[in-house]
Each structure stands twice: as structure tokens, then as C-alpha cells.
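The values are calculated or read from the model by the stated rules, or taken from the named source; none is laboratory data. This one's a predicted model, so the numbers in the text were calculated from it and none came from an experiment. Backbone-built Cβ (ideal geometry, glycine too); neighbour counts: all protein chains shown.
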Amino acid sequence: MTLYGHGRAAILGDPITAERLGWGPRPSGLPAPEIVLEPRSGDPRREPWVAPPGWTPQPECEGLWGRAAGGEHWSFLASPPGVLRYLEHLARPAPACGVVVAIAGLGRVGGVAATHLAATPTRMSGVRELLVYDVDGANLERWFLELSSIAVWQEHELLPRVRLTSPEQLFNECDVFLFVATTGVPPLGTMGDVRLVQLAPNRALLKGFLEQARAANFPGLFLVVSDPVDWLAQAAFVDSNSDAAGHFTGNGLAPERIAGLGLGVMWGRALAAARREGWQAQVAARGAAFGPHSTDVLAFDDLNRPSLQRSEVLTRAAREWNYLVRGLGFLPYVGPGVSSVGLTLPRLLSGAEFPASVFLDGLYFGCPARGPEALLPAARPAAPEVRLAVADLYQRLMHQAAELNMLFRGYLV
Ligand SMILES: NC(=O)c1ccc[n+]([C@@H]2O[C@H](COP(=O)([O-])OP(=O)(O)OC[C@H]3O[C@@H](n4cnc5c(N)ncnc54)[C@H](O)[C@@H]3O)[C@@H](O)[C@H]2O)c1
């Protein structure tokens, strides 16, 4: 079969997509491409548009536990028009010395996340430049001055360079976008949910950034940190790919280029409880958390041999510790900024496993994940009781997605 394309990636056996991209047959003198892409047929509302070798479609949350034998090459769906920008992106040389990360929203969480990233050497974080933006001009200037003055005495190791940006220019300049803006976090003393109530106002903010991403034909990673994390990740996919009537266009962001970063702090809270009980080493090595950045999250001490009692302790900590901080008269933001973003982004960029909400048969669902080109679940075997509890949660969230109008028409739960 013929290979098409001169770059890092090449298409195998799909002359029509190659022609749409303007990719001719690969000259025999060129080295073998790093990435070979084969066409796959499937539903672009439920499947990654571009998937790594070995990926195969599996129903609901089955993809969390293992992979059916997949092909040796990368695969792509040719039908969504937006896939072309990602194929072009894969064909370009990978950045040699770190990526450019843009942060929109420098409040409590965004400020701590930016501080952590600005203080981490590029060699360790994979971040070469940090572009910052906040709608509040004085707050932006303040954070620019603060972050720019992070330095190490007599140290020649490179820290990320900090630069100001704007919504109009950032998608032309960055490889990774972090959405940490909000119109407002519910104040101290709020009883009950403090996340889902932010959906409508933050979704409206997000739409502005999605429009800018579309105008720039942005091929980078779109990461959501603001609450409700998982529903805003879902909204990024749905809203960027809907026409005025709510029908799927396939022109927007690819589902595997979006993720919600909020499971990191949930796992951090579970681990803190494990440490208190003396179980940390075991839990860190064998446990994991699943589900949303909300009071529905589940944490397990050992995926293969879970203890019901220990998993309950961890789950309770993950669900409730933010309320403990609130109860003391403070909003929680240090654990979130560091665990969900500062310590998660470097792992994501390096290809290591990381905790996040990623696309799983049409729904953004928190789980151990892997990237960085396609952010998808990192399959891990688990005991039947873990699978059952997680499948039950997945189905409840799928129904909630339908109620919130977060699924495309024709996608029946
Ligand atoms: N993912 C997690 O782990 C996690 C954990 C805790 C909180 N959160 C969420 O993170 C979000 C931020 O929380 P926070 O405490 O930092 O809020 P905050 O109110 O301190 O900061 C929000 C910032 O967003 C800015 N902003 C508002 N509109 C903007 C726009 N259009 N463009 C750019 N910036 C804009 C504001 O000026 C402000 O600086 C909230 O939704 C919060 O619930 C996430």
C-alpha cells in the first residue's frame, strides 16, 4: 500500500484524505515516518478522531480495563472535517525543547498552578514558555510581575519564560491551553454543591475561548480546570462541534485533544487519608480514582484486590476534604493548583500515566490516562467489584449528560 506525506506522520492507503491534505506519495529516499496513520471507520461523536496503535472501540467504560487487540499503526476517522488539522499537526516535527502553555484565569487556582509551573525547570516539566491571561488587567499585571520574578540564585537551569497574552493571540502561540477562569466560586458558607452551579456561567466563558480556538484553527491540547471540570470538558467537545441546531459538525476540537484536570487533587486527598492510616505505599502503587471532580468520585486502595473498608475511607476523603478546608474558613486552592495541574501537566506532556477526565465512548470520565498526542484512558486490569462500581457510575453520568443536553442528537443512552 502507498504511504502519503513527507513529514513526521504519513497516511497509509487513503489517497482521498491524502489529497484533501495535499500530501503526495512519500518519496522512497525519505526515512520511515515516525507515525503511520491508517483510516478507521467509526462514530466521531463517540470515538477519538486520531488514536494511537492498539486502540479499538469498546462500549461504555470497557476501555478502562484492557484493550482488545488493535492494529500496529495509528488510526484516524476521515469523516469529521476537523480531523485534517490534527493530521497536519502530527506531520510537523515535535517541539524539541518544551511546549508553550497558555493559562486563562489567574485567580486562586490558576495563580497557584502558574506558580508551580513557573518554578519547575523546563527539563522536568516540558514547559518552555508560560503565557498568561486574565480578564482583570490589574490582576494580570500583578501575576506577570510575580511569576517573572521567580528565579534560582546562580542556577543556570532553564525555568519557563513568562509572557503576557490575550484571547485573540493565545491560540496562535500555544501548544497547550489551560482554562482556569470562572465568573465566581460559591462563597464560604455555601451548603451543598459548589461545582455544578458554575456550569452555565463558566460554559458561557468557555464558549468565547472555543470561538478563538476555532478562528486560529488550534491543533493543540485544550485542558479544562474550572468547575464543573468534567462537564466543561464535555461542553468543550459538544459546543465546538455543534451547529446552531445542535447537530454534530465535526469542525471543532477533536475529543482526544480535550481533557479535564481535576482528578489529581481528588487522588491527593485520598492519598492523604491513606498516609494517615499507614497504607500510603500500597495505595500509591496499586490504587486509583475514577469518575468526576465531584462528590461522585470513587477511590480504590487496590484495583485488583480492593478492600471495601479502605476504599470507603479513601473515597470519603476524596469527596469531603474540600469541605473541611471550607469549614475552617478558607477556599481550597493550593492542593488543586498543585495536584490537578502543576504535578499533572508534566506527566501528561511526558507520556506518563496521569489522572484526568478523558473521552470514553462519548463521555468525559475521570481515570488513569495517557497522552500526549491523544489523551485517552490508560487501560488497567481491575477486580469485578471495581468494574461494577465504576460501570454504575459511568451509566449514571451518561444519563446526567443526556439530561444536561451534553450529548449529540442521535446518541441514545
Ligand atoms: N480542577 C480542580 O482541581 C479545581 C479545584 C478547585 C477549584 N477549581 C475551580 O477552578 C476555578 C477557578 O477557581 P479560583 O478559586 O481560582 O477562582 P477565582 O475567582 O479566584 O479566579 C477566577 C479568575 O478568573 C478570571 N476570569 C474571569 N473571567 C475571565 C475571562 N473571561 N477570561 C480570563 N479570566 C477570567 C478572574 O478575573 C479571576 O482572576 C473554579 O471554577 C473552581 O471551582 C478546580
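Among the residues of segment 325-351, those that are assigned to a loop (DSSP other than H, G, I, E, B) and either within 20 Å of Gly184 (Cβ to Cβ) or within 11 Å of the ligand (Cβ to nearest atom) (or both) comprise Gly329, Phe330, Leu331, Pro332, Tyr333, Thr344.
Name the residues in segment 225-237 that are more than 9 Å from the ligand (Cβ to nearest atom) and either among the polar types (S, T, N, Q) or in contact with a Cys (Cβ under 7 Å, 6 or more places away or on another chain) (or both), would you? Across segment 225-237, the qualifying residue is only Gln234. Scanning segment 82-110 for residues that are within 16 Å of the ligand (Cβ to nearest atom) and surrounded by fewer than 23 Cβ atoms within 10 Å (Cβ to Cβ) yields Gly107, Arg108. Only one entry of Ser79, Ser75 meets the criterion of being surrounded by fewer than 18 Cβ atoms within 10 Å (Cβ to Cβ) and either not assigned by TED's automatic domain parsing to the domain that holds Ala356 or not hydrophobic (A, V, I, L, M, F, W, C) (or both), and that entry is Ser79. Selection over segment 183-206 of residues that are assigned to a loop (DSSP other than H, G, I, E, B), of a type outside the set (A, V, I, L, M, F, W, C) and in contact with a helix residue (DSSP H, G or I) (Cβ under 7 Å, 6 or more places away or on another chain) gives a count of 2. For segment 207-224, give me each residue that is within 11 Å of the ligand (Cβ to nearest atom) and either touching a helix residue (DSSP H, G or I) at 6+ places or on another chain (Cβ under 6 Å) or over 27 Å from Leu343 (Cβ atoms) (or both). Passing the criteria: Lys207, Gly208, Gln212, Val224. Among the numbered criteria (1) loosely packed, with under 14 Cβ neighbours inside 10 Å; (2) more than 12 Å from the ligand (Cβ to nearest atom); (3) acidic (Asp, Glu), which single criterion is violated by Asp175? Looking at each condition in turn, Asp175 falls short on (1). The set of residues in segment 237-266 that are touching a residue at least 60 places away in the same chain (Cβ under 8 Å) and small (Gly, Ala, Ser) comprises Ser242, Gly246, Gly250, Gly252, Ala254, Ala259, Gly260, Gly262, Gly264. Would segment 341-354 turn up any residue that is touching a Gly at 6+ places or on another chain (Cβ under 8 Å) and among the polar types (S, T, N, Q)? Yes, segment 341-354 contains at least one residue that is touching a Gly at 6+ places or on another chain (Cβ under 8 Å) and among the polar types (S, T, N, Q). When Glu38, Glu60, Glu47 are checked against the criterion of being assigned to a loop (DSSP other than H, G, I, E, B), in contact with a strand residue (DSSP E or B) (Cβ under 7 Å, 6 or more places away or on another chain) and either modelled with pLDDT of 95 or more or of a type in the set (Lys, Arg) (or both), Glu47 stands alone in meeting it.
Condition first: modelled with pLDDT of 95 or more, closer than 15 Å to Leu263 by Cα, of a type in the set (Gly, Ala, Ser) and within 18 Å of the chain's Cα centre (by Cα). Can you find one or more residues in segment 344-354 that meet it? Taking every residue of segment 344-354 in turn, none turns out to be modelled with pLDDT of 95 or more, closer than 15 Å to Leu263 by Cα, of a type in the set (Gly, Ala, Ser) and within 18 Å of the chain's Cα centre (by Cα). Just one of the numbered conditions (1) in contact (Cβ under 8 Å) with a residue 60 or more places away in the chain; (2) of a type in the set (S, T, N, Q); (3) surrounded by 18 or more Cβ atoms within 10 Å (Cβ to Cβ); (4) touching a Lys or Arg at 6+ places or on another chain (Cβ under 8 Å) is not true of Gln234: (4).
Per-residue answers, yes or no, for (1) of a type outside the set (Val, Ile, Thr); (2) within 27 Å of Arg8 (Cβ to Cβ); (3) modelled with pLDDT of 95 or more:
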residue	(1), (2), (3)
Phe76	yes, yes, yes
Pro80	yes, yes, yes
Arg92	yes, yes, yes
Cys97	yes, yes, no
Val152	no, no, no
Pro160	yes, yes, yes
Ser166	yes, no, yes
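When residues in segment 179-193 are screened for being in contact (Cβ under 8 Å) with a residue 60 or more places away in the chain and within 10 Å of the ligand (Cβ to nearest atom), 5 of them pass. The set of residues from segment 267-283 being in contact with a helix residue (DSSP H, G or I) (Cβ under 7 Å, 6 or more places away or on another chain) and free of Cβ contacts under 8 Å to residues at least 12 places away in the same chain comprises just one member, Gln280.
Is there a residue in segment 259-282 that is modelled with pLDDT of 95 or more, closer than 30 Å to Phe408 by Cβ, assigned by TED's automatic domain parsing to the domain that holds Ser357 and more than 16 Å from the ligand (Cβ to nearest atom)? Within segment 259-282, not a single residue is modelled with pLDDT of 95 or more, closer than 30 Å to Phe408 by Cβ, assigned by TED's automatic domain parsing to the domain that holds Ser357 and more than 16 Å from the ligand (Cβ to nearest atom). Of everything in segment 1-51 that is in contact with a His (Cβ under 9 Å, 6 or more places away or on another chain) and surrounded by fewer than 18 Cβ atoms within 10 Å (Cβ to Cβ), the residue that is nearest to Phe76 (Cα to Cα) is Glu38. Of the residues in segment 377-385, none is away from the ligand (no atom under 14 Å from the Cβ), among the hydrophobic types (A, V, I, L, M, F, W, C), assigned to a helix (DSSP H, G or I) and more than 28 Å from Phe408 (Cβ to Cβ).
For (1) farther than 27 Å from Val386 by Cα; (2) of a type in the set (Asp, Glu); (3) surrounded by fewer than 24 Cβ atoms within 10 Å (Cβ to Cβ), each residue gets a yes or a no:
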| site | (1), (2), (3) |
| --- | --- |
| Leu308 | no, no, yes |
| Gly327 | yes, no, yes |
| Leu331 | yes, no, yes |
| Val334 | yes, no, yes |
| Gly337 | yes, no, no |
| Leu349 | yes, no, yes |
